[in-house]
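Inspection log for the structure reproduced underneath, given as structure tokens.
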Amino acid sequence: DKGNHRHFMEKEIHEQPETISHTLSHYLDFTEGRARREALPFDFAKLDRIAISACGTAYLAGLVSKYWFERYARLPVDIDIASEFRYREMPMPKASAAFFVSQSGETADTLASLRYCRSQGIPIGAIVNVQESTIAREADGIFPTLAGPEIGVASTKAFTSQLSVLAALAVRAGSERGTISAEDEKRMVRELSEAPRYVRQALKLEEQIEKVARKLSQFRHVLYLGRDTSYPLAMEGALKLKEISYIHAEGYAAGELKHGPIALIDRDMPVIVIAPHDRIYDKTVSNMQEVAARGGKIILITDQEGARRSSIDTFETIIMPDVPEIIAPIVYALPIQMLAYFTAVFMGTDVDQPRNLAKSVTVE
Ligand code: F6R
């Protein structure tokens, strides 16, 4: 049932304040300001590395978490697209664990990657939305994303719930490895607890984003740029746009711009820059300047401070609430999803059932 919404995708985008809150409270004790310590099939303190493998949007959630695990828990992460990982014959050190991220829990390549890790004898965690799935069944530990059934083929609420689980695990890992103090843990848990409120604020940007989407639907190609955790988000924005609006889009690490894609920049190329005012904001601004100097149309997604500090003439600026670093990827997922959604609506495509795509890819 779509309720008052035109599409399941729109409904699922709007459910996110509740789904994120539900997921986070399963993994975090907001009263104590601590990550919950449910039994794990491994000990974070004794791990040298973790491997994460997944497909599509789930892979991009994993890629965001690489920054978190490495920054907050000082735990190196090897992250791979499952279709590559399964044939790569990666040596798995003894003190490692593997995580598989999957909404459906049935994705063929992700399952094959899990079985490879099983053959290597390392503990396996499954971050899944469908708890009765094959991937869940074959794992040693199940980390449910608790987003509820996702009907739209384009993943939205499953993505932000995957991010929520992974952020909570990164905080727990940091605490157990002694790389964040009890005080840091308290602060990070509080910051995460505020994510649903900021997501609700982001949803209020709908009208503005619809206007931006109307413009975006006039173009044939779109480039998305971001650094740090905004880099996987840039790729997620491009993935979402291409799959439902059929507009060609690419997501790039902003620093890679001058290594190739800058050749594409002209007045017919909108460039969506995802740039909260964070530790590397100024670097992203200098990449934006390069785009502006070549006539590229910049759509900047930032916060008040980010908008104030950039003197670049943008095509559009979307001002997000000012959010703590750890929740930025969760909150910035919203404008990206809405932009793809409204663009697809303007293009008149079948938003919930885009051509050639299946919700669950059970064949290779
Ligand atoms: C994109 C999308 C796909 C899935 C991918 C993995 O919006 O939905 O890229 O994320 O097919 O599917 P799961 O998570 O079921 O393994």
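List of remarks:
- Loop trypsin sites (Lys or Arg not before Pro), the range 31-100, which have at most 10 other Cβ atoms in a 10 Å radius of their Cβ (DSSP): R37, K94
- Of Y27, Y67, the order by accessible heavy-atom surface (1.4 Å probe, DNA, RNA and ligands excluded), from most exposed downward, is Y67, Y27.
- Highest average first, the peptides 200-211, 341-352, 248-259, 223-234 ordered by how many other beta carbon atoms sit within 10 Å of their residues are 223-234, 341-352, 248-259, 200-211.
- Solvent exposure of the range 206-364, expressed per residue, is 42 Å² of accessible area, with all protein chains present and a 1.4 angstrom probe.
- Scattering curve values for the range 269-327, log₁₀ I(q)/I(0), Debye with Cα scatterers, q = 0.13, 0.24, 0.25, 0.31 Å⁻¹: -0.28, -0.93, -1.00, -1.44
- Fraction of the pair-distance distribution of the chain above 38 Å, Cα-Cα pairs, percent: 13 percent
- Carbon-plus-sulfur accessible fraction, the chain (probe radius 1.4 Å, protein heavy atoms only): 47%.
- Dipole of the range 198-318 computed with +1 at Lys/Arg Cβ and -1 at Asp/Glu Cβ about the Cα centre; of L225, N287, V212, farthest Cα towards the positive end is V212.
- In the chain, a dipole from Cβ-located charges (positive for Lys and Arg, negative for Asp and Glu) runs towards its positive end, and of P276, A147, V199 it is P276 whose Cα lies farthest in that direction.
- Under 29 Å of direct C-alpha separation, and excluding same-chain neighbours fewer than eight residues apart, K258 reaches these lysines: K66, K215, K240, K242, K283, K297.
- Hydrodynamic estimate: the Kirkwood radius of the range 37-191 over Cα pairs, inserted into Stokes-Einstein at 20 °C and 1.002 mPa s, corresponds to D of 140 µm²/s.
- Net charge dipole size for the range 184-263 [Lys, Arg +1 and Asp, Glu -1 on Cβ; Debye, nearest 20]: 260 debye
- Cleavage-rule hits, GluC sites (Glu not before Pro), the range 26-133, DSSP coil, Cβ neighbours within 10 Å at most 11: E32, E38, E89, E132
- Evaluating 6.51 cos²θ - 1.76 cosθ + 1.60 at θ = phi - 60° for every residue in the range 19-36, the Karplus couplings come out as 5, 5, 4, 4, 5, 4, 6, 6, 9, 10, 9, 5, 5, 7, x, 9, 6, 5 Hz, glycine and proline recorded as x.
- HN-Hα J in Hz across the range 50-59 - Karplus 6.51, -1.76, 1.60, θ = phi - 60°, x for Gly and Pro: 10, 10, 10, 9, 5, 10, x, 4, 5, 4
- The convex hull around the C-alpha trace of the range 197-304, projected and averaged over every direction, spans 6.8 square nanometres.
- Between S83, A108, G121, the Cα set farthest toward the positive side of the dipole of the range 1-136 (charges on each charged residue's Cβ, about the Cα centre) is that of G121.
- The residues of the range 76-117 have, on average, 39 Å² of accessible surface per residue, using a 1.4 Å probe with all protein chains present.
- For the chain, calculated [θ]222 nm from helices alone, where every DSSP H run of n ≥ 4 adds -39500 (n - 2.57): -14000 deg cm²/dmol
- Between 0 and 90 degrees, the angle of helix 206-216 with respect to the longest Cα principal axis of the chain falls at about 70 degrees.
- Radius ratio Rg over Rh of the range 227-271, counting only Cα atoms, Kirkwood formula for Rh: 0.98
- Dipole in debye (nearest 20) - the chain, about Cα centre, beta carbon charges: Lys, Arg +1; Asp, Glu -1: 300 debye
- Amide H to amide H distances under 5 Å link L28 with R36, where only residues 5 or more positions off or on other chains count and H is placed in the peptide plane.
- Distance cut-off 15 Å, percentage of C-alpha pairs in the range 82-158 lying past it: 53 percent
- Taking the inverse of the mean 1/r over every pair of distinct Cα atoms in the range 1-112 gives a Kirkwood hydrodynamic radius of 16.3 Å.
- Per-selection Rg to Rh, the range 3-44 - Cα, Kirkwood hydrodynamic radius: 1.22
- Burial order of peptide ranges 306-316, 290-300 (average beta-carbon count within 10 Å, highest first): 290-300, 306-316
- Think of each Lys and Arg Cβ as +1 and each Asp and Glu Cβ as -1; about the Cα centre, that makes the dipole of the range 228-364 roughly 220 debye.
- The convex hull around the C-alpha trace of the range 252-363, projected and averaged over every direction, spans 9.1 square nanometres.
The values are calculated or read from the model by the stated rules, or taken from the named source; none is laboratory data. Note that the structure is a prediction, hence the values are computed from the model and not measured. When we count neighbours, we look across all protein chains shown, and the Cβ atoms used for this are built from the backbone with ideal geometry, even at glycine. Accessible surface areas use protein heavy atoms only, side chains included; no ligands, DNA or RNA. Shrake-Rupley method; radii C 1.70, N 1.55, O 1.52, S 1.80 Å.
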